[in-house]
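The next block holds one structure in the form of structure tokens; read it before the comments.
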Amino acid sequence: DVRRQLTTREMWMHCVLVATAARGLVMVQSHQQQGRGRTRALGASATLPPGDDNFVVGILGDLHVDPRDLEDTYEAREHVKQAFGDETGAKFLVSLGDVGESKDCTGTGELYAGTSGCFKLVREYLDGFEVPFDVVGGNHDLEGIDEFESDADNLKAYLDTFGKESPQFCREIAPKTLLVGLGSTQFRDAPHTSHEVAIDEEQFDWFVKLLERHPASDDWRILVFSHAPIIGSGLRVLPEVHVVNGCAWLNHNSRPGRYVNLVREHPQIKAWFSGHFHLSHDFEDSITFPGGNNRGSCVFVQTGVMRSKSSRDGRRHSRLVRGNEHGLEICTVNHLKNGEVRLDATVTYSDECVVGTEVCSSLVYAHAHDDYDHAAWFSAYAPTPEDGCYVVDAKNGAVIDDATYGDLADLETVCWWHMNSGNVL
């Protein structure tokens, strides 16, 4: 709930920065009920307007296929196929990489991920979706170190098996709408950590030229796919696993900021999907929205995993995206609920979304759902005096009391305490 009256600009900023796939609907409603919400004024909608150029994209997170344990994997395929069957328009499937389990799955003492046998089984699996597909390489996909002498040999086997001419891909799924994938190309040759998801310079240059050839001024819309998210996306990461090991973000150790700069410079980039962390879609920051945060017009989206043994939080999720010329609906396919499709966010393309002096061209409506049960997690945002408990003279022994700051027994009360060091709690 919004506990205080907000100015129009504050409402919009609060909605976009704090609204989440789990609780955003409540916040949007609260702002609109006050009659001054920027979202309503600029047309953010809970439903996607009907269009002519309909398409649907299924997105699979880290597969980590294990030939000894395929029940979850095949069950999830049936769920996604069922979701595809309920949709109209062009259909496409994207696998976000890490297609094989990084263990000895065959009794040979060799890692299964990155091997010819792994690629062959996953190719057959993806063919079984019965829709066109493509794959982007993850940090485990060139891990066939016992079979292949070099990254180049391993990459060739990967490309050949999946019918790819290059690690990247581009497909026009609908008029003026591109699906663009970027894949990792190093493991043995990595100068820092083998598990860094690294896009080579040739791919990066290709991506830049593609953006220049398909500008927003010509009404192009681009959805990007990579195994790891980019730094600056705001998606939840795992500090103790990926950050400390230098493999949390795309090209983590080599000019990682280039990607968010491209997002800022190219408003035709409307969404960026990634996996890598084995986290579900039930966290606040499994989707992050544009507006007031210098992330251009892009919605960043985490994609979970389908196997129980791969999940870090017990969920089993894939993504489904419905789209047309007016925008996108970003959904969860919940494999623990027999493939139930849950609408998480509606993205409406617009050239009106002005926050302060920043122009963004995506309006987002976040939908509430019952699967959010992480109430212990606090939603933090920039502290301001209007929050109601803003202690600026703490170094002089100020006392926080009910008379000054209201009912502090209310568990919803938040106080910002300024410490002598300059930090704020």
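For segment 93-115, residues that are surrounded by fewer than 20 Cβ atoms within 10 Å (Cβ to Cβ) and closer than 18 Å to G183 by Cβ total 1. Residues that are within 24 Å of A90 (Cα to Cα) and not β-branched (V, I, T) were ranked within segment 307-323; the one that is surrounded by the fewest Cβ atoms within 10 Å (Cβ to Cβ) is R322. Going through (1) part of a strand (DSSP E or B); (2) modelled with pLDDT of 90 or more; (3) of a type in the set (V, I, T) one by one, V305 falls short only on (1). Residues in segment 267-302 that are at pLDDT 95 or above, closer than 14 Å to L238 by Cα and out of contact with any Pro (no Cβ under 8 Å at 6 or more places or on another chain): 1 in all. Which is open to solvent by 20 Å² or more (accessible area, probe 1.4 Å), at pLDDT 65 or above and either among the β-branched types (V, I, T) or under 25 Å from I231 (Cα atoms) (or both), of V341, V347, V354? After applying the criteria, what remains is V341. Applying the condition of being assigned to a helix (DSSP H, G or I) and among the hydrophobic types (A, V, I, L, M, F, W, C) to segment 190-241 and asking which residue is modelled with the lowest pLDDT yields V241.
Beta carbons closer than 7 Å, at least 6 apart along the sequence or on distinct chains, pair a first residue in segment 48-59 that is in contact (Cβ under 8 Å) with a residue 60 or more places away in the chain with a second that is exposed (fewer than 15 other Cβ atoms within 10 Å of the Cβ) for D53/P175; N54/T88.
Applying the criterion of being surrounded by fewer than 24 Cβ atoms within 10 Å (Cβ to Cβ) and of a type in the set (K, R) to the residues of segment 256-287, the residue that is nearest to L223 (Cα to Cα) is R264. Of the residues making up segment 112-135, those that are touching a Ser or Thr at 6+ places or on another chain (Cβ under 6 Å) and of a type in the set (A, V, I, L, M, F, W, C) are A113, F119, V135.
When we screen E325, E284, E240, E329 for residues that are in contact (Cβ under 8 Å) with a residue 24 or more places away in the chain and farther than 23 Å from D86 by Cβ, the only hit is E284. All conditions in (1) part of a loop (DSSP other than H, G, I, E, B); (2) touching a residue at least 40 places away in the same chain (Cβ under 8 Å); (3) crowded, with 18+ Cβ neighbours inside 10 Å hold for A248, with the sole exception of (2).
The single condition among (1) of a type in the set (D, E); (2) out of contact with any Gly (no Cβ under 7 Å at 6 or more places or on another chain); (3) open to solvent by 10 Å² or more (accessible area, probe 1.4 Å) that D134 does not satisfy is (2). Only one of these is at pLDDT 95 or above, open to solvent by 30 Å² or more (accessible area, probe 1.4 Å) and of a type outside the set (S, T, N, Q): A174, A152. Name it. None of the other options fit; the residue is A152.
The values are calculated or read from the model by the stated rules, or taken from the named source; none is laboratory data. As the structure is a prediction and not an experimental result, all values here were calculated from the model. Glycine also receives a Cβ, built like all others from the backbone with ideal geometry; neighbour counts cover every protein chain displayed. Side chains included, ligands, DNA and RNA excluded: accessible areas come from the protein's heavy atoms. Shrake-Rupley method; radii C 1.70, N 1.55, O 1.52, S 1.80 Å.
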